[in-house]
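Bear in mind these aren't lab numbers, they're just calculated from the coordinates by the rules spelled out. None of the values given here were measured: they were computed from a predicted structure.
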Amino acid sequence: MRSSSTLELDEIKKIYAGYSNIYDFLFKRFFYPRQKHVISSLAIHPGEKILDVGVGTGLSLPVYPRFAQVVGIDISSKMLQEAAKKIQKYRLSHVSLFEMDASRLAFADDSFDYVIAAHVVTVVPDPVAVLAEIKRVTKREGRIIIINHFQSTNPVLAKVEEWITPLCKRMGWRSDLSLEDLVTRADLQVDHVFRLSKLDPWKVIFAANNK
């Protein structure tokens, strides 16, 4: 059963359609440095395929190496319109975009060498289903990278995050998702977790594909 904090697809589409024209202005300063750091740290080889789940307005797209094949998907057509402008502006001929539900990926098994989900798992209605699909389309030797805020392990802060979840929902995400719970329920084999700084509210999770 889904919790009361869960967002539904129609809500997500409506909220992010509203964000589409101002998303970069509001969030680039917070999200882009982390995405750039993570993508630049990957040992991507020529011809490898990368899936960017929840690509949004395409903040990450100019960072990917041009010798790779990059696919970006998002549930919001309005956000993808902004991403398409970046493809044209930066001449990113190695990037393709698709409007798609992350819990029902229209790709064959073992399609991608890397799958990156940045600021996604606290937005989607069913993060476990999304991770199951990510594992399915990632090659056995592939890498899964998740960038997200997760509920604090501090009991006091965790309670505050539960209290503010209704407000966060109105803005398009939830603040009470536990990383430990998600890893267990999604059977995710985590190799490494880090933050860009001690005070960084977002975590980066590197996982192997243990399917």
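Computed over the stretch 65-152, the quotient of the alpha carbon radius of gyration and 2.2 N^0.38 Å is 1.12. According to the calculation over all Cα-Cα pairs in the stretch 105-211, the P(r) per 10 Å bin from zero is 15, 46, 30, 9, 0 %. Bridging of LYS211 to lysines at a Cα separation below 29 Å is possible for LYS36, LYS49, LYS135, LYS139, LYS203, once same-chain residues fewer than 8 apart are set aside.
With n ≥ 4 as the cut-off for DSSP H runs, can you work out [θ] at 222 nm for the chain, using -39500 (n - 2.57) per run divided by the number of residues, rounded to the nearest 500?
On the way: 6 runs with 80 residues, N = 211.
That calculation yields -12000 deg cm²/dmol at 222 nm.
May I have the convex hull volume per residue, in Å³, for the Cα set of the stretch 113-161?
Spelled out: Cα convex hull of the stretch 113-161, divided by residues, is 85 Å³.
In the distance distribution for the stretch 9-208, Cα-Cα pairs more than 22 Å apart total 46 percent.
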